[in-house]
Amino acid sequence: MIEVMFQGEGGHGSVVAAKLLAQAAARSGFHAQSFASYGALRRGGKVEGYVRISEEKLLLHCKMYIADYLVIMDESLFDETATAGAIKNNGKILVNTSKAKVDFPALADFDVTTVDAYRIAREQGLVIPGGMPVINTTLLGALTAMLDIIPVEDLIEVIKTNTPKSDQNAACAEEGYQHAIAASESKRSMTPPTIDGAAGSADMKRFPVYDTERMKRCHTCQICFMVCPSLAISFEGDPIRFEVNRAVCTGCGICIEECPREAIYWEGKKND
C-alpha cells in the first residue's frame with residue numbers, strides 16, 4: 001500500500017488533487033480511496049487530502065498521520081517539525097516552490113522534488129478570475145512521475161474528464177510530469193515504495209515501540225489497543241509488556257498520537 005498526503009490551505013485544491021489521483025489509480029487497475037481533513041477556519045484554513053493506493057482491497061479507513069509521499073502545496077506551509085513527522089522513512093516529498101532542495105536544509109535527509117507550480121499554471125493561462133493560479137494539476141503531474149506506478153496518460157484522461165479548462169489543466173499536468181522526470185534522472189537508482197498489499201512493505205515503515213523505562217508511564221488504559229485499526233497491538237507478561245505485530249501494523253501512528261502518558265514512541269526516535 002502507498003499512502004499520499006497533500007498539505008495545503010483552502011484554495012490550493014488539495015481535496016480535488018486527492019480525488020483525481022485516486023481516480024487515476026483506479027483507472028490504472030489499483031484499489032484507491034481519497035478523503036480529506038479540514039481545519040477550523042471556514043475559509044483559507046488548513047486542508048489535507050489523503051490517498052491510499054493498493055493492489056489489494058483497502059481495509060484501512062482511518063485518518064492518515066504519516067505518508068509515503070507528502071505534497072506541500074505551498075512552500076509557506078513548510079514546517080520543519082511537522083513535515084518530518086508526516087513522512088515515513090524513505091518517503092518522498094514534493095514542494096511547490098521556485099527554490100531548489102538545497103534551499104531547504106531541514107530536508108537534507110529526505111528525497112525531495114521541487115516544482116514551481118505557480119509559474120507553470122500562469123504560463124499555461126490557468127488562473128482563476130481573482131488572480132490565483134490553479135496549481136493542483138501541475139503538482140499531480142509531478143507526483144505521478146515520482147510514484148512511477150500510474151501512467152501519466154491515465155492521469156491526463158482523468159483530468160480532461162473531471163476538470164474545467166481541461167486542456168490547460170492537462171498541459172499543466174504534463175509539464176509537471178516532465179519537470180519531475182528531469183529532476184529525478186540522477187535518482188533513478190532509488191527504488192520507490194513497493195505496493196504489496198494492505199499492510200505495506202515492512203522496510204518502508206517505522207513502528208511504535210517501547211522500552212522498560214518509558215513503559216513505567218503506562219497505566220494499562222489500553223487506548224492504544226482500542227484505537228489500532230489493524231489490531232496489531234497486544235499486551236503480555238507481568239509487568240505488562242506492549243507488543244506490536246509488525247506483520248499487520250501499518251505504521252499509521254494512531255497509538256502514539258492517542259497515548260495519554262506518552263509511553264509509546266517511534267522506532268529509532270526516542271525523545272524522553
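Please treat every number below as a calculation from the coordinates, not as lab data. Remember, it's a predicted structure, so these values are computed and weren't measured experimentally. Please note: Cβ atoms are built from the backbone with ideal geometry, for glycine as well, and neighbour counts cover all protein chains shown.
For the range 96-172, what class follows from the C-alpha gyration tensor (a ≥ b ≥ c being the square roots of its eigenvalues): rounded when a/c is under 1.5, otherwise prolate if a/b is larger than b/c, else oblate? Please report the intermediate quantities before stating the final value.
Numbers: a/c = 3.37, a/b = 1.36, b/c = 2.48.
In terms of gyration-tensor shape, oblate.
Take the Cβ atoms of Val248 and Ser37, set R0 to 30 Å, and the FRET efficiency comes out at 0.75. With 0.36 nm allotted per residue and the present C-alpha distance subtracted, the Arg122-Asp109 stretch has 1.5 nm of extension available. Restriction of the trypsin sites (Lys or Arg not before Pro) in the range 55-124 to DSSP coil positions whose beta-carbon has at most 13 other beta-carbons within 10 angstrom yields Lys57, Lys99. For the set Lys92/Lys160; Lys46/Lys99; Lys99/Lys160; Lys63/Lys88; Lys101/Lys165; Lys63/Lys165, the pairs lying more than 20 angstrom apart at their alpha carbons are Lys92/Lys160; Lys46/Lys99; Lys99/Lys160; Lys101/Lys165; Lys63/Lys165. Extension gain, Glu55 to Ala182: 0.36 nm times the residue separation minus the Cα-Cα distance gives 42.9 nm.
About the centre of its Cα atoms, the range 1-148 shows a dipole size close to 500 debye [charges on the beta carbon of Lys, Arg (+1) and Asp, Glu (-1) only; nearest 20 debye].
From the square roots a ≥ b ≥ c of the eigenvalues of the alpha-carbon gyration tensor of the range 43-193, which class results: rounded (a/c under 1.5), prolate (a/b over b/c), or oblate?
Working: a/c = 1.34, a/b = 1.20, b/c = 1.11.
Note, shape of the range 43-193 comes out rounded.
Full-extension gain between Glu153 and Val102, please, as 0.36 nm times their residue separation minus the C-alpha to C-alpha distance.
On the way: separation 51, 0.36 × 51 = 18.36 nm, distance 3.15 nm.
Contour length minus the Cα-Cα distance gives 15.2 nm.
Distance between the modelled labels on Val227 and Arg206, one decimal in nanometres: 1.7 nm (7 Å Cα→Cβ projection). When the range 1-129 is described by a simple charge dipole with +1 on each Lys and Arg Cβ and -1 on each Asp and Glu Cβ, the residue from Ile87, Ala121, Phe110 located farthest towards its positive end is Ala121.
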